[in-house]
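To start, the structure under review is shown below, and the notes come after it.
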Amino acid sequence: MSTETSEKVAVAEVIQAQILETSEQYRPAANRGALVFFLMNELNKIHSFYRFSLDSFVIVVNRAIDIVADRLNPKKQKALEAAAAGEGEAKPEGEEGEEAAAEAEEEEEEEEAEMTPRTLAKRVEMILESITFEGFSYTRRGTFEDHKIVVATMLTLRINVRKGLIKQDEVTALIKKEVALDPPPMSDQLAKFIPEAIWPAIIGLQSVKLFENLVASMESENLQWKKWYGDEKAELAELPKSFKDTSLFHRILLLRALRPDRLNGALTQYVTESLGIDYIEQPSFNMQIVYDEMTLKTPAFFVLFPGVDPTPDVERVGAKYGKVDSDKSFHNISMGQGQEQIALNALKDAAKAGNWLMIQNVHLMIEWMRDFERALEIAIEDDCHPDFRCFISSEKPGLPHQEIIPESILQNSIKVSN
């Protein structure tokens, strides 16, 4: 008995060591996930609508991992597509598709058991990239147009700092744009084409080591600098000889000081070269994708803009799943005076019956939203039907930091602003 116990302990120790070793291989993906989440968690400094919960991010991460698993198992992907092809208006019921998917999962388990260090490294890299893109896409969908390039740039800079490609102090210099409070006089040569208003920023940029001799270069090569400064697309134009081989990131620092009007073009190029064009070009809105990501605990939150109405898109998907206004399985309420109790009753009924509820223009009911927040929490916790879905729409507040929507609703919802 003692010998048998010792052998089991030894085996357990070996297995534990293998698990720890394998887990360590996934650390880069975990670090990237943390980087993306902490970025998301800081976006509320830009706008009060940009709030995300850890629970919702975990769902995004799990989806990213599932995407990689499907890519690494083409047979499973084909089986799932076959099952999806046989679905009706509601949920898929094809037994053959399910059997094929089950067989593919068994084969996947066999493949994972035989995973080599090389295939494991490939898998980890794919998960890392998938978490990055899915996390970014989830965030981008809820950000305003003016902020999309800002978020993409913040993500790119943090990733490149983590990789050691750029220095944190130089990123800080880019963000803060140091300006000299008491700059020396500008030479007559530079005064001919450099506006006095940007001179303090040029002096401030010299605090970055690469640009410590910037003014001397501008004076000795003033004709080349004049040509570059006057170019319509300075972010693409050739720099003077002394800075000819400047990296794109350092060129952005230069543009920040001298040609801020061309900064967006340079940032777009930087994000594209670092992460890919998919981080710049956003696919057109697809309500089906939003619905697929929703759960009874995860509402959809639409930001309203003039001339944009999400109702037809929601109704179109709702009809596919048998949720229509004619039989009250889809209830659309436009908020205003006298609608408060009607909306709360509709929420309670929809949660129990598994119907869809759309509450619109909640920006008109700021105080009442606290009641709705609590009612939604209770409805979800109190034996909620799995088919229940909630859709909310609101205009953005007049000021970026004005809080008109309860934090928990913003954190847990799938935000759509485009």
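The values are calculated or read from the model by the stated rules, or taken from the named source; none is laboratory data. The structure displayed is predicted, hence computed values, not measured ones. Please note: Cβ atoms are built from the backbone with ideal geometry, for glycine as well, and neighbour counts cover all protein chains shown.
Those strands (runs of 3 or more DSSP E) of segment 301-400 in which 2 or more residues are touching a residue at least 60 places away in the same chain (Cβ under 8 Å) and basic (K, R) are absent.
To keep it simple, each residue is scored yes or no on (1) over 23 Å from the mean Cα position of the chain (by Cα); (2) surrounded by fewer than 22 Cβ atoms within 10 Å (Cβ to Cβ).
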{"site": "M358", "(1), (2)": "yes, no"}
{"site": "I392", "(1), (2)": "no, no"}
{"site": "E395", "(1), (2)": "no, yes"}
{"site": "G398", "(1), (2)": "yes, yes"}
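Kindly indicate whether I131 is closer than 20 Å to N418 by Cα, touching a helix residue (DSSP H, G or I) at 6+ places or on another chain (Cβ under 7 Å), surrounded by 15 or more Cβ atoms within 10 Å (Cβ to Cβ) and not aromatic (F, W, Y). So I131 fails the test.
The set of residues in segment 278-327 that are over 20 Å from the mean Cα position of the chain (by Cα), at pLDDT below 95, among the acidic types (D, E) and surrounded by 12 or more Cβ atoms within 10 Å (Cβ to Cβ) comprises D309, D325. Here the condition is being of a type in the set (A, V, I, L, M, F, W, C), at pLDDT 95 or above and more than 20 Å from E340 (Cα to Cα); of I392, I414, I405, it holds for I414 alone.
Answer yes or no: is there a residue in segment 168-186 that is outside the structural domain of Q25 (by TED's automatic domain parsing) and closer than 30 Å to P310 by Cα. No, segment 168-186 contains no residue that is outside the structural domain of Q25 (by TED's automatic domain parsing) and closer than 30 Å to P310 by Cα.
The number of residues in segment 164-197 being hydrophobic (A, V, I, L, M, F, W, C), over 34 Å from the mean Cα position of the chain (by Cα) and closer than 16 Å to L258 by Cα comes to 7.
Yes or no: E196 surrounded by 18 or more Cβ atoms within 10 Å (Cβ to Cβ) and among the acidic types (D, E)? Here the answer is no, as E196 does not meet what is asked. I380 meets all of the listed conditions (1) out of contact with any helix residue (DSSP H, G or I) (no Cβ under 8 Å at 6 or more places or on another chain); (2) at pLDDT below 95 but one, namely (1). The conditions of being over 26 Å from H47 (Cα atoms), among the acidic types (D, E), more than 22 Å from the chain's Cα centre (by Cα) and not assigned by TED's automatic domain parsing to the domain that holds H47 are not met by D371. Listed by first and then second residue, the pairs with beta-carbon distance under 8 Å, at least 6 apart or on different chains, first residue in segment 193-210 and closer than 18 Å to K226 by Cβ, second basic (K, R) and in a loop (DSSP other than H, G, I, E, B), are A201/K177. With respect to being small (G, A, S) and either under 18 Å from V61 (Cα atoms) or surrounded by fewer than 17 Cβ atoms within 10 Å (Cβ to Cβ) (or both), A173 falls outside the description.
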